[in-house]
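Before any comments, here is the structure.
Taken together, the values in this text are just the output of simple stated rules run on the coordinates, not laboratory data. These figures come from a predicted structure and were not determined experimentally. Here the Cβ positions follow ideal geometry from the backbone for every residue, glycine too, while neighbour counts run over all protein chains shown.
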Amino acid sequence: MAGHASWEGYIRLSLLSVPAKAYSATAAAGGKLHFHQLCAECQSRIRHVKMCPVHGERTKDEIVTGYEYSKGQYVLIEPEELEKALADDEKSISIEAFTEPEKIDPLYFSGRTYYLAPDGPAGAKSYAVLQRVLSEKGRWALAQMVLSAKGQLCLLRPLGKLLALNVLSYASQVKRPESFEGEVPEAKISAEELRLADTLVDASTVDEVDLSKYRDDFTEKMLKLIEAKAKGQPIRAAQRREEPAVINLMDALRKSVAKTMKDHLGKTGKTRGKAKTEHTPARRRSA
C-alpha cells in the first residue's frame, strides 16, 4: 500500500498537465532509535509546552500563525487564507528546464525524496510519456513547487517505472565551498604517493552498488544495550579495533593497498582489473 499522499496536484510542462500525487520515500520508522528526556529524580517524561508570557501554557487551538513585519508587529494568517492565496500554478510542479544528471551538484540535495505517481486513470498516459522520455534521454527535470507552505526548488528523475522528486536547496541556502578553501593548506604530493592512492581507489572500486547490504550497526548495538539493561545484565565493553601503527603517509598507502588486494582476493578469488606495478605511471583522472 502506498499510504497517505503528502502532496496532490499537477506536473506541468508547457501545455502538458499531469495529475499526480507525491508519497514520502522515507520509511515511517526507518529503524531509528527515539530517546526521551526524563526527570533524573522520578524518571517522568519532560514535557515541552508552548508558553505565552502573558497567558501561560497554550493548546494547539489557541495558537495562530503570524508574520513579524516590524518589531513586535505581526500579520496573522489563517490556514483558509493561505489556501485561497495559492493560485493553480502554485499547486503544481512546474518544470522549468531539463538537464543531464551530472550537471546537478549533490551539494544541493536537501535529503527529502518523494515518489510521484499518476493521480487516477486520466493522468496515467501523460505520466508514462514523461517518465519514459526522461528515462530514454537520460535527463532530469528542474522544477519549482509549493510544498509544506514553502516555495521549493525540486528535481524530477526517472526511477524504475516511477518519477522520483528530490527537494533541492536554493543557491542562497547553501554555503559555497569557496568559503572554506582557506581551511585546506597547500600540500606537496609525490608521484609515488599519488600512484599508490590511485591503485587503492581502483582496487576498492565495485562494478555494482548494492545498498541493501549495508546495515545500521550502531542502532543494532544500541538495541542490544537497551535489552541488556532492561534485563539487569552487565554492559560489556565493546571490543576496540586496534589502529595500525603508521609511520608516514607512504607507509599507510602501501599497507592499505596490500590489505585491500588481499581482502578482495579472499572474497572473489581475482582482482578487479590489473593492479599497477611499481613502475606503472599514475593514470590521470579528470576532476
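Side notes on the structure shown:
- Between LEU162 and ALA124, full extension at 0.36 nm per residue minus the direct alpha carbon distance yields a gain of 12.5 nm.
- According to the calculation over all Cα-Cα pairs in the stretch 146-188, the P(r) per 10 Å bin from zero is 21, 29, 23, 19, 8, 0 %.
- Converting phi to 3J(HN,Hα) with the Karplus coefficients 6.51, -1.76 and 1.60 and the offset θ = phi - 60°, the stretch 141-147 yields 10, 8, 8, 10, 7, 10, 9 Hz in sequence order, with x at every glycine or proline.
- Shape call, the stretch 172-238: gyration tensor on alpha carbons, a/c limit 1.5: prolate
- Rounded, prolate or oblate (a/c below 1.5 giving rounded, otherwise prolate when a/b exceeds b/c) for the stretch 5-61 by Cα gyration tensor: oblate
- Taking a sphere under 12 Å around the Cβ of ASN166 and counting the other residues whose Cβ falls inside, with K and R at +1 and D and E at -1, yields a net charge of +2.
- Our estimate of slack between ASP216 and LEU194, defined as 0.36 nm per intervening residue step minus the Cα-Cα distance, is 4.6 nm.
- Cβ-defined net charge surrounding VAL75, 14 Å radius [Lys, Arg +1; Asp, Glu -1]: -2
- Links that overshoot a 27 Å alpha carbon limit, given the list LYS188/LYS255; LYS32/LYS91; LYS150/LYS221: LYS32/LYS91; LYS150/LYS221
- Positive minus negative residues near ALA124 (Lys, Arg vs Asp, Glu; Cβ under 15 Å): +3
- Distant-in-sequence amide H partners of ILE11 (H built 1.01 Å from N, under 5 Å): VAL18, ALA20, ILE93
- Gyration tensor verdict on the stretch 1-148 (Cα atoms; rounded if a/c is under 1.5, prolate if a/b is larger than b/c, oblate otherwise): prolate
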